[in-house]
């Protein structure tokens, strides 16, 4: 689902809306919000240009600072 809100509708948390079965909207649908239809057209054009370039698939993985959990707090070991 793509929402193109105007004015105060930009403040609506569309992904957090709940249906009559108490399910969040994002449980059933992919939610995107765009400021204007021209933005969608522009990003579509960019995506088509990137597809023309022969790129290999890339996986980038970071090593975040791991949090402390538990009581007493125990530092989690870093990812390797």
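Nothing in this text is a laboratory measurement; each read-out follows from the coordinates by a stated rule. Note that this is a predicted model, so its numbers are computed, not measured. Positions of Cβ are backbone-derived with ideal geometry, glycine not excepted, and every protein chain shown enters the neighbour counts.
Quick one: plug the Kirkwood hydrodynamic radius of the chain (C-alpha pairs) into Stokes-Einstein at 4 °C, 1.567 mPa s, and report D in µm²/s.
75 µm²/s
Can you give me the distance in nm between label points at residue 29 and residue 4, each placed 7 Å from the Cα along the Cα-to-Cβ direction?
Inter-label distance under the simple model: 1.5 nm.
Pull out the extension gain between residue 41 and residue 16, defined as 0.36 nm times the separation in residues minus the alpha carbon to alpha carbon distance; nm, one decimal.
Result for the pair: 6.4 nm of gain on full extension.
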